[in-house]
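Read-outs: derived from the displayed coordinates by stated rules, not from any lab. None of the values given here were measured: they were computed from a predicted structure. A quick note on method: Cβ atoms are made from the backbone with ideal geometry, for glycine too, and the neighbour counts reach across all protein chains shown.
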């Protein structure tokens, strides 16, 4: 996917260079009214030509990056949803399954991924209890144990934030924010629908 994005942007750059020379060599100076002339590299340009040239230069100055982020892995088929504020988890489960984006499982051990609204200490403690390292497997050291603790004993949650986590690799794969403007069932369902559409885009599903 990264290579494809690079090829697309290379093609855009090539078209931009071609367009630049096309603008410079298009019309003879004798056809342009004197009060509408401007000079660029010695070539008179109309106001429309100037606009075209500016757009072309903007295109040429666009950074040539590796393309869009890679889509989420298709191996992520099942998800376990932790309890969310105002019952948003129920709407998420309904939307994800009805849209065929992911299957929602009732047992965490059967899930390829986990959806949570917070990645605070209580979540990491639940993760350690629910997904302990396999016997004989190399355990991942918890760098948070040696990190300085904040003075507050509780971690503030931000309503409307959801995270898709790989519980075994301890990796946050995807996140989004969409705060419901009220806690009504209809608004919560619409919010869950927007999260589902964003996840569908991340999976590159039609």
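Some points to look at:
- Footprinting exposure proxy for 116, 130 (fewest neighbouring C-beta atoms within 10 Å first): 130, 116
- Pair residue 125, residue 179: separation of 7 Å Cα→Cβ label points (nm): 2.7
- Point-to-point label distance, residue 197-residue 170, nm (Cα→Cβ direction, 7 Å offset): 3.7
- Packing, as the average of other Cβ atoms within 10 Å across residues, places the peptides 190-199, 71-80 in the order 190-199, 71-80, highest first.
- The listed peptides 119-125, 91-97, ordered by packing as a protection proxy, come out as 91-97, 119-125 (highest mean of other Cβ atoms within 10 Å first).
- Cα-based shape type of segment 77-132, given that a ≥ b ≥ c are square roots of the gyration tensor eigenvalues and the cut on a/c is 1.5: oblate
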